[in-house]
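Engineer: I'd like to ask some things about the structure below.
The values are calculated or read from the model by the stated rules, or taken from the named source; none is laboratory data. Everything numeric here is computed off the predicted structure, so don't read it as measured data. Reconstructed Cβ throughout: ideal geometry from the backbone, glycine too, with neighbour counts over all protein chains shown. Just so you know, the surface numbers come from the protein's heavy atoms only, side chains and all, with ligands and any DNA or RNA stripped out. Shrake-Rupley method; radii C 1.70, N 1.55, O 1.52, S 1.80 Å.
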Amino acid sequence: MNLPDSPYLLYSDGKGNIFEDTTLYASGRSGWDAVDVPLDDWIFLPSGGSLYELPGRHGIGIDTKTGKMRLCKKGWAVAAFIPPAHTGLFLSAYEKEDSAPTLPLFCYTAVGWSNQQFYVPAVRIEQDIRQESIGYEQTKIEAGAANLLKAYPHNRLVKHLMQNCCMTYHCPAARNFALGRWECPVPVSPACNANCIGCISFQPQEESITSTQDRLTFKPFAEEIVEFTVPHLQTAPFPIVSFGQGCEGEPLLMWETIRDSISEIRKHTNRGSININTNGSKPDAVAALCKAGLNSIRVSMNSARKHIYESYYLPNNYSFEDLVESLQVVRAHGGWSSINYFVFPGMTDSVEEYEALRLLIKETKLSMIQWRNFNIDPDWYLGKIGVIDTGERIGVKQLMELIHEEFPELKFGYFNPSMERIRGDFEIDYAHK
Ligand code: SF4
């Protein structure tokens, strides 16, 4: 994107109105530092993106005359929530007042204004269109949800997926299930064996922020799972069923139910991919699922460094080594392995992290990195894991280029791949199939 100059900084009047400050160019944040964003890194804010005002925070910009960094005191700082399939390269840069509230669990990418357009430093990392906002027609979704509830009147899981996930939380995966296409979510676990600081399904009472959705309250039976997943695999385009969703704890705590479901599903159809999104804490359970027919795994992590991972996940009775082994187990059974990599500019692209990531890719023969935006208040996160200095950094874009150069077979994306992508045509164009 050939911008002549950096876009102007944005500020809010605290009433939801946003203005540009033409005396300041927008900067970005990496780790604890406000930095200049390379001109080439700015792209139009993709459709489906939205803007946030950040109460109690003043934006840091670059004076258009002096080139020096200074605060914008005209109003609150502004950040962008960039839509799925895009990875942010820099966070919004601001200075926080002591009384400022902790920000909710969303991503806070830098944003600026130029030529009547909003700009963000980001890359489109995934061509798959499954969560494009334009693809969701509410009337069709409501009709699809009603049909599923009618088709499965006694199924607690379909009821949860349609009434809570689809119609209340507007979960993109649950909406795709209602539309009979692509990836179908299968939450199964009310409990978890980790205590992630930024857990989206459970936040301790003492925390000032709330989880973005409530955790499942029941343990589904294998019969309930099989009842709707088999027809989805048999009829949906590029079908995937995915255990492990944002509205539950850790699915591996329900591995026997998942194993029995997979065995039963595969008696009825070999179509599509059966995937599990997990913290990877139980490699033995993963081995049992692979034997039953699991096709792919996605292990979530904020870091490939043991101490950074464990200071965020606060695991009960498992360790970083267990998730490494889970990734290895799936590859050993010929399955597809991804990491759900929470990208935090300044941490993810630090030299230490880069070295740890290279090691992880090598020792697990990893298939794919899903470069996800980390939905968390940056100051709160770094404070909670006790990181004062994020160390030398190489830039998120440069990190991606270095990893791609060294591991050309390793795929980049944002979503779990369908069997069509796993088995061959990774660049398949969903839009025109
Ligand atoms: S592994 Fe998932 S459910 Fe468990 S604490 Fe972490 S984010 Fe929450």
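Engineer: Do we find a residue being crowded, with 22+ Cβ neighbours inside 10 Å, among the acidic types (D, E), over 30 Å from P239 (Cβ atoms) and touching a strand residue (DSSP E or B) at 6+ places or on another chain (Cβ under 6 Å) anywhere in segment 351-366?
Structural biologist: Taking every residue of segment 351-366 in turn, none turns out to be crowded, with 22+ Cβ neighbours inside 10 Å, among the acidic types (D, E), over 30 Å from P239 (Cβ atoms) and touching a strand residue (DSSP E or B) at 6+ places or on another chain (Cβ under 6 Å).
Engineer: Residues that are closer than 28 Å to P283 by Cβ, open to solvent by 30 Å² or more (accessible area, probe 1.4 Å) and near the ligand (Cβ under 9 Å from one of its atoms): does segment 197-208 have at least one?
Structural biologist: yes
Engineer: Being within 16 Å of the ligand (Cβ to nearest atom), part of a helix (DSSP H, G or I) and more than 16 Å from the chain's Cα centre (by Cα) is the requirement here; does C165 meet it?
Structural biologist: So C165 passes the test.
Engineer: With segment 266-369 as the region, which helices (runs of 4 or more DSSP H) entirely inside it contain at least 2 residues that are among the basic types (K, R)?
Structural biologist: 351-364
Engineer: Right, another one. Quick check on this structure: which one of P153, P172, P101 is out of contact with any Leu (no Cβ under 9 Å at 6 or more places or on another chain), more than 16 Å from the ligand (Cβ to nearest atom) and not assigned by TED's automatic domain parsing to the domain that holds S319?
Structural biologist: P101
Engineer: I need the full set of residues from segment 264-286 which are open to solvent by less than 60 Å² (accessible area, probe 1.4 Å) and closer than 21 Å to I369 by Cα, in order please.
Structural biologist: If the condition is that a residue be open to solvent by less than 60 Å² (accessible area, probe 1.4 Å) and closer than 21 Å to I369 by Cα, then G272, S273, I274, N275, I276, N277, T278, N279, G280, S281, P283, V286 are the ones that fit.
Engineer: Another question, then. Any chance you could count how many residues in segment 152-162 are open to solvent by 10 Å² or more (accessible area, probe 1.4 Å) and part of a helix (DSSP H, G or I)?
Structural biologist: Summing the residues that are open to solvent by 10 Å² or more (accessible area, probe 1.4 Å) and part of a helix (DSSP H, G or I) in segment 152-162 gives 3.
Engineer: Which residues, taken from segment 370-406, are in a loop (DSSP other than H, G, I, E, B) and either in contact with a strand residue (DSSP E or B) (Cβ under 7 Å, 6 or more places away or on another chain) or under 21 Å from A85 (Cα atoms) (or both)?
Structural biologist: Correct list: F374, N375, I376, D377, T390, G391, E392, G395.
Engineer: Taking S99 as the residue in question, decide whether it is surrounded by fewer than 20 Cβ atoms within 10 Å (Cβ to Cβ) and either of a type in the set (G, A, S) or touching a Cys at 6+ places or on another chain (Cβ under 6 Å) (or both).
Structural biologist: Considered against the rule, which asks whether it is surrounded by fewer than 20 Cβ atoms within 10 Å (Cβ to Cβ) and either of a type in the set (G, A, S) or touching a Cys at 6+ places or on another chain (Cβ under 6 Å) (or both), S99 comes out as yes.
Engineer: Select from segment 169-190 the residues that are open to solvent by 50 Å² or more (accessible area, probe 1.4 Å) and either in contact with a helix residue (DSSP H, G or I) (Cβ under 7 Å, 6 or more places away or on another chain) or under 21 Å from P251 (Cβ atoms) (or both) and list them in ascending order.
Structural biologist: Y169 - this is the single residue of segment 169-190 that is open to solvent by 50 Å² or more (accessible area, probe 1.4 Å) and either in contact with a helix residue (DSSP H, G or I) (Cβ under 7 Å, 6 or more places away or on another chain) or under 21 Å from P251 (Cβ atoms) (or both).
Engineer: Would it be correct to say that P251 is farther than 25 Å from N147 by Cβ and either buried (at least 17 other Cβ atoms within 10 Å of the Cβ) or touching an Asp or Glu at 6+ places or on another chain (Cβ under 7 Å) (or both)?
Structural biologist: yes
Quick grid of which residues meet (1) in contact (Cβ under 8 Å) with a residue 60 or more places away in the chain; (2) part of a loop (DSSP other than H, G, I, E, B):
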site	(1), (2)
T87	yes, no
F118	yes, no
P121	yes, no
F177	no, no
S189	yes, yes
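Engineer: Further question on the same structure: So, I369, is that one open to solvent by 10 Å² or more (accessible area, probe 1.4 Å) and under 26 Å from V37 (Cβ atoms) or not?
Structural biologist: So I369 does not fit the description; no.
Engineer: Are any of the residues in segment 211-225 under 30 Å from D425 (Cα atoms) and either in the same structural domain as E420 (by TED's automatic domain parsing) or in contact with a Leu (Cβ under 8 Å, 6 or more places away or on another chain) (or both)?
Structural biologist: yes
Engineer: Now for a different question. Can you confirm whether N193 is surrounded by fewer than 17 Cβ atoms within 10 Å (Cβ to Cβ) and in a loop (DSSP other than H, G, I, E, B)?
Structural biologist: No, not satisfied.
Engineer: Taking segment 1-23 as the region of interest, how many residues are outside any loop (DSSP other than H, G, I, E, B), under 16 Å from D36 (Cβ atoms) and open to solvent by 60 Å² or more (accessible area, probe 1.4 Å)?
Structural biologist: Number of matching residues: 1.
Engineer: Can you pull out every residue in segment 254-263 that is of a type outside the set (F, W, Y) and either buried (at least 18 other Cβ atoms within 10 Å of the Cβ) or outside any helix (DSSP H, G or I) (or both)?
Structural biologist: Selection gives M254, T257, I258, R259, S261, I262.
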